[in-house]
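Worksheet for the structure shown next.
The values are calculated or read from the model by the stated rules, or taken from the named source; none is laboratory data. Not measured: the values here are computed from a predicted model. Positions of Cβ are generated from backbone atoms using ideal geometry, with glycine treated the same way; all protein chains shown enter the neighbour counts.
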Amino acid sequence: MVGSDLSRNCALAYRWPPMTVAATFPSRRSRLIWIAVWAVLAAGLVYAASSLSWAEVLAAAGRADAVWLLVAFLINLANTPLWALCWICLLGRKAPVPLISLTRILAVVAAAIQAFSVVGGGATAFVLITGRLGLSKPRTASLLVMEGLTTGLVKTILVGAALVLAPGEAILRGIGAALLAGMGGGLIGLIFVSRSGALLHKLAARIGGRARVWIEHLADWTAHLDAVRNPSRLGGAVLFMLLRRLLEGLSAWFVARACGISAGPEIILLVVASIAIVTMIPVPAGNLGLYELAVVAAYQWAGVSPEVALAAALLQHALFLLAVLAPGALVLLFEAGGARRKSAP
């Protein structure tokens, strides 16, 4: 039963091998750093919000067109199925997994990420994927790392493209172009490393000292990059993840339209890129505050009033959370009902 798995996911996750935990969960020090970063940003957000007219914010939200908001919500429902297709690409043909089963699992994982932050969502993913799909713990850990890599690639593409296309200083366009070029070079290097496991082991055998240990670790890590060695699998995963983000942008455009904001594609891309940046911070649950900060900052760049921008940000975030939390909750309720029927005399 999913409910019992969720209740003990943290205990299970941290009883697993140190390598598996370290590969998937941030260390205590890094979590403290991210919490401090979030606290500073949250304090700045509270200070900025205190100067706004909340009556105008609520009035702007109340004037929003309900039809466009409904369309935005329906678009957000595609988030989890597209994520499941990304995972199917990363899994490959050697580990065939039914798409419906994977989608149900990821619906719960996505809800856990929003409810308990990335750490809780990662623990939930470990428990459900290994328990329901029968994958080994190291295999699950490597898949989570590959999914994180795919997410990082897509976020870099979005941020780079936003800086290149968004109106602003030439230096920002240069930074965006450099970011995209750096990502391309890094990806080429990663593909090379993924195919160099045997060569690295031979090199390690000839080198002594601490360098040998690091090279051996790198060589062992390449064994988990099977998706990188297959361009079609990695390309498919990136494509579905990118489509997921672009649909998020389309949903944001409908919310903007509902709130009377005239936003071109470059501004919507800036909104999505800003969200991609702040969601790298693994706290707090649901990215509360950070999400709104990103959307408001992007609309402020376009000259939208702070009150209208905040109204759009709150509506956009609420629709996203509802579209992600509702499917996960329905899966849990369905499975709980099924368990009760099975246990009934």
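Got at least one residue in the stretch 291-307 being within 24 Å of GLU147 (Cα to Cα), under 14 Å from the mean Cα position of the chain (by Cα) and either at pLDDT 85 or above or part of a helix (DSSP H, G or I) (or both)?
The answer is yes; a qualifying residue exists.
Restricting the stretch 276-299 to residues that are at negative phi and of a type in the set (Gly, Ala, Ser), which is surrounded by the most Cβ atoms within 10 Å (Cβ to Cβ)? Spell out the reasoning first.
To start, the set of residues in the stretch 276-299 that are at negative phi comprises 276-285, 288, 290-299.
Adding the requirement that they be of a type in the set (Gly, Ala, Ser) leaves 276, 285, 294, 297-298.
Working: ALA276: 21, ALA285: 16, ALA294: 23, ALA297: 17, ALA298: 26.
Looking at the filtered set, the residue picked out is ALA298.
Which of the helices (runs of 4 or more DSSP H) contained wholly in the stretch 160-261 include at least 2 residues that are of a type in the set (D, E, K, R) and under 29 Å from ASN76 (Cα atoms)?
231-258
Pick from the stretch 262-280 the residues that are farther than 20 Å from ALA61 by Cβ and part of a loop (DSSP other than H, G, I, E, B): which of them is farthest from the chain's Cα centre (by Cα)?
GLY264
Looking at the stretch 117-130, is at least one residue modelled with pLDDT of 80 or more and surrounded by fewer than 21 Cβ atoms within 10 Å (Cβ to Cβ)?
Yes, the stretch 117-130 has at least one match.
Just to be sure I understand, how many residues within the stretch 51-96 are charged (D, E, K, R) and exposed (fewer than 13 other Cβ atoms within 10 Å of the Cβ)? Steps first, please.
Narrowing the stretch 51-96 to residues charged (D, E, K, R): 56, 63, 65, 93-94.
Going one step further and asking which of them are exposed (fewer than 13 other Cβ atoms within 10 Å of the Cβ), we end up with 63, 93-94.
Summing the residues that are charged (D, E, K, R) and exposed (fewer than 13 other Cβ atoms within 10 Å of the Cβ) in the stretch 51-96 gives 3.
If I ask for residues that are farther than 17 Å from LEU77 by Cβ, in a helix (DSSP H, G or I), out of contact with any Phe, Trp or Tyr (no Cβ under 8 Å at 6 or more places or on another chain) and among the polar types (S, T, N, Q), which ones from the stretch 97-139 would you list?
Scanning the stretch 97-139 gives SER101, SER117, THR130.
Give me the pairs: first residue in the stretch 229-244 and touching a residue at least 60 places away in the same chain (Cβ under 8 Å), second residue among the polar types (S, T, N, Q) and assigned to a helix (DSSP H, G or I), beta-carbon distance under 8 Å, and six or more apart or on different chains, which are they?
LEU234/THR150; ALA237/THR150; VAL238/THR150; MET241/THR150; MET241/THR151; ARG244/ASN79
Can you find, within the stretch 189-203, the residue that is surrounded by the most Cβ atoms within 10 Å (Cβ to Cβ) among those that are within 12 Å of ASP220 (Cα to Cα), among the hydrophobic types (A, V, I, L, M, F, W, C) and free of Cβ contacts under 8 Å to residues at least 24 places away in the same chain?
LEU200
Is it the case, given these coordinates, that ARG210 is out of contact with any Gly (no Cβ under 8 Å at 6 or more places or on another chain), among the charged types (D, E, K, R) and modelled with pLDDT under 80?
So ARG210 fits the description; yes.
Considering only residues that are of a type in the set (Ser, Thr, Tyr) and free of Cβ contacts under 8 Å to residues at least 12 places away in the same chain, look in the stretch 104-151 and name the one that is nearest to ASN287 (Cα to Cα). Let's see the steps before the verdict.
Here is the first cut: in the stretch 104-151, the residues of a type in the set (Ser, Thr, Tyr) are 117, 124, 130, 136, 140, 142, 150-151.
Subsequent filtering for residues that are free of Cβ contacts under 8 Å to residues at least 12 places away in the same chain retains 130, 136.
Values: THR130: 27, SER136: 30 Å.
Among those that are of a type in the set (Ser, Thr, Tyr) and free of Cβ contacts under 8 Å to residues at least 12 places away in the same chain, it is THR130.
Go through the stretch 213-237 and count every residue that is at pLDDT below 80 and surrounded by fewer than 12 Cβ atoms within 10 Å (Cβ to Cβ).
Residues in the stretch 213-237 being at pLDDT below 80 and surrounded by fewer than 12 Cβ atoms within 10 Å (Cβ to Cβ): 1 in total.
Name the pairs: first residue in the stretch 301-318 and without any contact (Cβ under 8 Å) to a residue 40 or more places away in the chain, second residue hydroxyl-bearing (Ser, Thr, Tyr) and outside any loop (DSSP other than H, G, I, E, B), Cβ to Cβ under 6 Å, at least 6 apart or on different chains?
HIS317/TYR291
Considering only the stretch 142-156, I want to know if a residue exists there that is crowded, with 21+ Cβ neighbours inside 10 Å and at pLDDT below 80.
yes
Looking at this structure, is ALA59 small (Gly, Ala, Ser), at pLDDT 75 or above and under 30 Å from GLU307 (Cα atoms)?
Spelling it out, ALA59 is indeed small (Gly, Ala, Ser), at pLDDT 75 or above and under 30 Å from GLU307 (Cα atoms).
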